[in-house]
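The values are calculated or read from the model by the stated rules, or taken from the named source; none is laboratory data. Keep in mind it's a predicted model, so treat the numbers as computed, not measured. Quick reminder, even Gly has a Cβ in these numbers, built from the backbone with ideal geometry, and neighbours come from all protein chains shown. We work out accessible area using only protein heavy atoms, side chains counted, and drop any ligands, DNA or RNA first. Shrake-Rupley method; radii C 1.70, N 1.55, O 1.52, S 1.80 Å.
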Amino acid sequence: MNHSAKMAQALRLLLAFLAIGSCIASDNIDLWPMPKTVSHGTQKLYIKKDITMSMVGSTYSDEKSILKDAFQRMVDLITLNHVIDGINPTSMVLTCVNVVVHTPDDELNFGADESYNLTVPTTGDPLYAQIEAQTVFGALHGLQTFGQLCYFDFTSRLIELNSAPWIITDTPRFPYRGLLIDTARHYLPVKIIKGVIDAMTYSKLNVLHWHIVDEQSFPIEIPSYPKLWNGSYSYSERYTMSDAIDIVRYAERRGVNVLAEIDVPGHARSWGVGYPSLWPSDSCREPLDVSKNFTFEVIDGILSDFSKVFKFKFAHLGGDEVNTSCWTTTPHIEGWLNNNHMNVSDAYRDFVLRSQKIAISHGYDIINWEETFNNFGDKLDHKTVVHNWLGEDVAPKVVAAGLRCIVSNQDKWYLDHLDASWEGFYMNEPLKGINDTKQQQLVIGGEVCMWGEEIDASDIEQTIWPRAAAAAERLWTPAEKLANDTRLVTSRLARFRCLLNQRGVAAAPLAGYGRASPAEPGPCVRQ
């Protein structure tokens, strides 16, 4: 973007603040994403320096310390690395957060109840906040919301909480709220992936779609076929199975599912570095060889190994952008096609359906990119979730056919499109064109996609945020509470972006497109 365009964007943002910033600030609801219902008062509370967590009335034992650790992380976040050296006042001091979880289970499953109620009263001795949730994962969201209510005050040198009492009830609009990362186009260190997971929790995203391998690189260890990761970029740009287990556990303890993807039969050239027989020929290295049982034995081995690590209900099998032309110019595949009375379209369908059966045998439901539906939707297994990415007209067709759908239309929700603004992310409606209530329920959610061709560890955060957070509110907040004019949320999202910065997340300014830089000196919220 040239300088004049940047200035125009900055001016637009400034005018939005001047127009509506004061009314937002006066209401003191700076939460992101906006909860289902919120009411508040006008009193100021102080947070005790050594605030504690209790679980009185909870049937959840927290044997894994999921809540205990989350509470400590929340306390660390609200200090924003300031030294809390003020003197605790004698009144209006919040001493404890009591968390009541009604179910003992802490296995993170798709569709887990993520609702919570948060109350912050102004009366009581001792004075304590309460989070009530059906599951520990709902309680985690409650802690995130509580943390956003707190801030460091430079006069008192204490953590304060304004506009009490607060009464918040909250539940997500969609069960699937995803973010894709791509470790095949550029390697992402484990620490970077964990940082992405942490930032996801701040805006209540709950699925990390890990596009692990692609044609350029196969960076993950597969014990069943140990030569596969010979296709990694280098010896050091790899993930062991223990790394994968660590990432999954890290995410699960924060309420984030990890969806693993292998993209077949296209996007798989790197597989043949370790096992050249997976290539149709040396001059035709993808799609994978459809004619050999060995191809499907390798897929079976990968998914078998994955099933021990990736416990999410779904596996993503790709299926997009399959150029079958070289199958017909490879003699042994051409012979196989003739013997089986197939053309290449039949073979593409056969490959996808056979891979689906393998995934189902390992306990997975399947997600496939939309090309599979566009080409042979009536043949897909009923457990298939169709991942829409090409255009916004596909989701209505998918749900009309009785299949589930995830929306990621590239014109709005692809983070690698640096000319896509946060306003476009916010206004993208997953249920557009779907009016039937039963069909709406088949849209399980949406996902923003951070494809990795032009990002790596150096710039991934500012490319993801704050645009992914804009989509997160669309996926979390009830439809009737979403703004129909982005100017009404600009101030609130700007404050959330600044909060991300304060928490160490390199979120880019709002006044620009993807990966924008500040246009001029000024306060954080005006960038």
Query raised in the report: Any idea what the dipole of the stretch 159-312 comes to, in debye rounded to 20, about its Cα centre with Lys/Arg Cβ at +1 and Asp/Glu Cβ at -1?
Result: 360 debye
Report summary line: Computed D for the stretch 377-527, Stokes-Einstein, Kirkwood radius over alpha-carbon pairs, 10 °C, 1.306 mPa s, to the nearest µm² per second, is 97 µm²/s
Query raised in the report: Computed FRET efficiency, Cβ-Cβ of residue 459 and residue 246, R0 22 Å: what is it to the nearest 0.05?
Result: 0.35
Report task. Note the angle between two axes, namely the Cα long axis of helix 490-502 and the longest principal axis of the Cα atoms of the chain, as a number of degrees from 0 to 90, rounded to the nearest 10. Result -> 80 degrees
Report task. Among 272, 262, 201, flag the residue with its Cα farthest along the positive direction of the charge dipole of the stretch 173-274, charges on Cβ as +1 for Lys/Arg and -1 for Asp/Glu. Result -> 201
Requested in this report: Output the pairs from 432/481; 357/379; 311/397; 292/357; 397/432 with a Cα-Cα distance over 19 Å in this structure; if there are none, say none.
Outcome: 311/397
Report task. Counting only C-alpha contacts under 8 Å and six or more residues apart, can you give the relative contact order of the stretch 173-244 as a whole percent? Result -> 31 percent
Requested in this report: For the stretch 276-290, take each phi angle, set θ = phi - 60°, evaluate the Karplus expression 6.51 cos²θ - 1.76 cosθ + 1.60, and give the result in whole Hz per residue in order, putting x for glycine and proline.
Outcome: x, 5, 6, 7, x, 6, 5, 9, 9, 9, 6, x, 4, 5, 6
Report summary line: Across the alpha-carbon set of the chain, Rg over Rh with Rh taken as the Kirkwood radius works out to 1.00
Query raised in the report: Mind checking the angle between helix 467-476 and the chain's longest principal axis? C-alpha axes, 0 to 90 degrees, to the nearest 10.
Result: 80 degrees
Query raised in the report: Average projected area of the Cα convex hull of the stretch 347-465, in nm²?
Result: 8.6 nm²
Query raised in the report: Between rounded, prolate and oblate, where does the stretch 214-344 land on the alpha carbon gyration tensor, with a ≥ b ≥ c its root eigenvalues, rounded for a/c under 1.5, else prolate if a/b exceeds b/c?
Result: prolate
Requested in this report: Determine, for each peptide in 386-396, 174-184, 352-362, 433-443, the mean count of other beta carbons within 10 angstrom over its residues, then list the peptides with the highest first.
Outcome: 174-184, 386-396, 352-362, 433-443
Report summary line: To the nearest Å², the heavy-atom accessible area per residue of the chain with 1.4 Å probe amounts to 40 Å²
Report summary line: Listed by chain and number, the aspartates and glutamates with an alpha carbon less than 14 angstrom from that of residue 383, same-chain partners under 8 positions apart left out, are 365
Query raised in the report: Suppose every K and R has +1 on its Cβ and every D and E has -1 on its Cβ; what is the size of the dipole of the chain about the Cα centre, in Debye to the nearest 20?
Result: 1120 debye
Report summary line: Helix 241-252: inclination vs the chain longest Cα principal axis, degrees, rounded to 10, gives 40 degrees
Requested in this report: Would you calculate, for the chain, the mean residue ellipticity at 222 nm contributed by helices, counting each DSSP H stretch of 4 or more residues as -39,500 (n - 2.57) and dividing by all residues, to the nearest 500?
Outcome: -10000 deg cm²/dmol
Report summary line: Cβ-Cβ cut-off under 14 Å around residue 360, Lys and Arg +1, Asp and Glu -1: the net charge is +1
Query - Spatial separation of Cα centroids for the stretch 251-328 and the stretch 155-209, in angstrom - result: 29 Å
**Report entry** Histogram of C-alpha separations across the stretch 345-393, 10 Å bin width, %
**Finding:** 26, 56, 17, 1
Query raised in the report: So for the stretch 94-234, taking the charge dipole from beta-carbon charges (+1 Lys/Arg, -1 Asp/Glu), which of 187, 155, 130 sits furthest toward the positive end?
Result: 187
Query raised in the report: What does the highest-first list of 460-467, 107-114 look like by mean Cβ count within 10 Å?
Result: 460-467, 107-114
**Report entry** Length added when fully stretched, residue 237-residue 105, from 0.36 nm per residue minus Cα-Cα
**Finding:** 43.9 nm
Requested in this report: Any chance you could tell me what percent of the C-alpha pair distances in the stretch 88-169 go past 21 Å?
Outcome: 35 percent
Query - Dipole axis of the chain (+1 Lys, Arg; -1 Asp, Glu on Cβ), positive-most option in 465, 430, 449 - result: 465
